[in-house]
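A.B. asks: Quick one: the structure is below, and I'll ask about it shortly.
Derivation of every value follows stated rules applied to the coordinates shown; laboratory data play no part. Note that the structure is a prediction, hence the values are computed from the model and not measured. Don't worry about glycine lacking a Cβ; one is built from the backbone with ideal geometry, like all the others, and counts go over all protein chains shown.
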Amino acid sequence: MTHNLLIEATKAIFEDGRFYLTKMTSAEYARPLDVFSGSSLGQHTRHWIEFFQCLLGQKCNEEIICYDKRERNLALENDPNQAIQALDAIEKLLSQAEIEGNLLLESEMTDGTTVLLPTSFIRELWFVIEHAVHHLALIKVGLKTEFPDWLIPKHFGVANSTLRHQNQVIGSIKN
């Protein structure tokens, strides 16, 4: 049950990604933006996509997940079509992923020390979903700055808990 909910949440994130990826040119996507201190929409997109790729790719090959070992594929940050293809491939991998069992999360600390932390695929999938929402919130700022005429969905880049809270507040105001 949890697995299905997380797959649906991932698909919703990917639809939000496709919302803007299908609307812009490579030049718009890769252009450095002042609002991002010189980063681009493409760089933020590559970043959150690679966390999904990292989780699913490493999970298929070993029981240690390390987000520090992302590919950092420049094609993903320069070409929105490459990003769309990556989302399609991740969805396919996710539908075939084995979700049971424990994993270890490897991370390098600032002093260079490597730590291994116990985790699970489900926990890490939830993390990359929430991480993507965070980046979509930043991307939303860039989209509103660069494409002020676009109608961006209300839920875009907003955490589920925030949406629930907003709905409760609106509901209590109406009552």
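A.B. asks: Which distance in nm do the two modelled labels at residue 11 and residue 28 give, with both placed 7 Å along the Cα-to-Cβ direction?
C.D. replies: 2.7
A.B. asks: Starting from the amide H of residue 33, placed 1.01 Å from N in the peptide plane, find each other amide H under 5 Å away whose residue is 5 or more places distant or on another chain.
C.D. replies: 38, 39, 40
A.B. asks: Continuing with the same structure: Per residue of region 104-111, what does 6.51 cos²θ - 1.76 cosθ + 1.60 with θ = phi - 60° give for ³J(HN,Hα)? Whole Hz please, x for Gly and Pro, Karplus curve as stated.
C.D. replies: Those phi angles translate into 10, 9, 9, 8, 9, 7, 4, 7 Hz.
A.B. asks: Looking at the chain, do any whole DSSP H helices span at least 27 angstrom along their long axis by alpha carbon and average 0.5 or above on Kyte-Doolittle, and which?
C.D. replies: In the chain, the long hydrophobic H runs are 121-146.
A.B. asks: Take residue 72 and residue 131, extend 7 Å from each Cα along the Cα→Cβ direction, and tell me the distance between the two endpoints in nm.
C.D. replies: About 1.5 nm separates the two model spin labels.
A.B. asks: Quick check: from the Cα gyration tensor, does region 2-174 come out rounded (a/c under 1.5), prolate or oblate?
C.D. replies: Verdict is oblate for region 2-174.
A.B. asks: Could you list 128, 115, 141 so that the one with the fewest beta carbons within 10 Å of its beta carbon is first and the one with the most is last?
C.D. replies: 115, 141, 128
A.B. asks: Oh, and also: Could you line up 105, 117, 151 from fewest to most neighbouring Cβ atoms inside 10 Å?
C.D. replies: Neighbour counts put them in this order, fewest first: 151, 117, 105.
A.B. asks: Considering Cα pairs under 8 angstrom that are at least six residues apart, work out the relative contact order of region 2-174 and quote it in whole percent.
C.D. replies: 22
A.B. asks: In this model, which of 23/144; 23/69; 11/140; 11/144; 23/92; 92/154 are farther than 21 Å apart at the alpha-carbon?
C.D. replies: 23/69; 11/144; 23/92; 92/154
A.B. asks: Would you be so kind as to identify which of 104, 24, 155 lies farthest towards the positive end of the dipole of the chain, taking Lys and Arg as +1 and Asp and Glu as -1 on Cβ and the Cα centre as origin?
C.D. replies: Positive-end residue among those listed: 155.
A.B. asks: Which order results if 8, 77 are arranged by neighbouring Cβ count within 10 Å, fewest first?
C.D. replies: 8, 77
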